[in-house]
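Below is one structure, written out as structure tokens; comments come after it.
The values are calculated or read from the model by the stated rules, or taken from the named source; none is laboratory data. No experiment lies behind these values; they were computed from the predicted model shown. Backbone-built Cβ (ideal geometry, glycine too); neighbour counts: all protein chains shown. Note: accessible area is taken over every heavy atom of the protein model, side chains too, but ligands, DNA and RNA are not part of it. Shrake-Rupley method; radii C 1.70, N 1.55, O 1.52, S 1.80 Å.
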Amino acid sequence: MSPTHFKRSLSGKSPPAGLAAPLTALWWAGKDDWDKAHKIVMSEAGADCAWVHAYLHRVEGDADNARYWYRQARRAPATGELAAEWQAIAAALLETKRR
């Protein structure tokens with residue numbers, strides 16, 4: 001799936017089938033359902049979930065918690081627009097999925 005198709009899928013009622021937990025959480029974040037996205041990343045481990053988790057805490061405005069999750073994801077804290085970070089995470093995770 002391309003990042004464009006992933007973003008277009010937000011018009012649906014549920015995420016596309018077969019997405020890994022980090023992409024599913026990011027999908028729900030794209031639908032502005034922070035709680036559903038957060039529950040997914042809280043119940044999963046791994047750097048990709050930690051990256052989405054960090055993004056969610058940026059959305060929430062909790063910079064300290066976001067920094068913690070960026071460290072867990074082994075990523076530099078994002079400082080740009082939230083929409084740009086959402087796109088960057090989606091593109092990176094979808095690229096990883098294609099490999």
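Relative to the longest principal axis of the Cα atoms of the chain, the long axis of helix 21-30 lies at roughly 90 degrees. Helix 63-73 and the long axis of the chain differ in direction by around 70°, with both axes built from C-alpha atoms. The modelled label-to-label distance for the pair residue 43/residue 76, using points 7 Å beyond Cα in the direction of Cβ, is 3.5 nm. Fully extending the segment from residue 33 to residue 68 would add 10.4 nm, taking 0.36 nm per residue of separation and subtracting the current Cα-Cα distance. The residues of the stretch 1-94 have, on average, 54 Å² of accessible surface per residue, using a 1.4 Å probe with all protein chains present. Rounded, prolate or oblate: which fits the stretch 17-99 when a ≥ b ≥ c are the square roots of the eigenvalues of the alpha-carbon gyration tensor, with rounded for a/c under 1.5 and prolate only if a/b beats b/c? It comes out rounded by the Cα gyration axes.
Helix 82-98 and the long axis of the chain differ in direction by around 60°, with both axes built from C-alpha atoms. For the chain, averaging the sequence separation of C-alpha pairs within contact (under 8 Å, six or more residues apart) and dividing by the residue count gives a relative contact order of 27 percent. Ranked by the mean number of other Cβ atoms within 10 Å per residue, highest first, peptides 70-81, 21-32 order as 21-32, 70-81.
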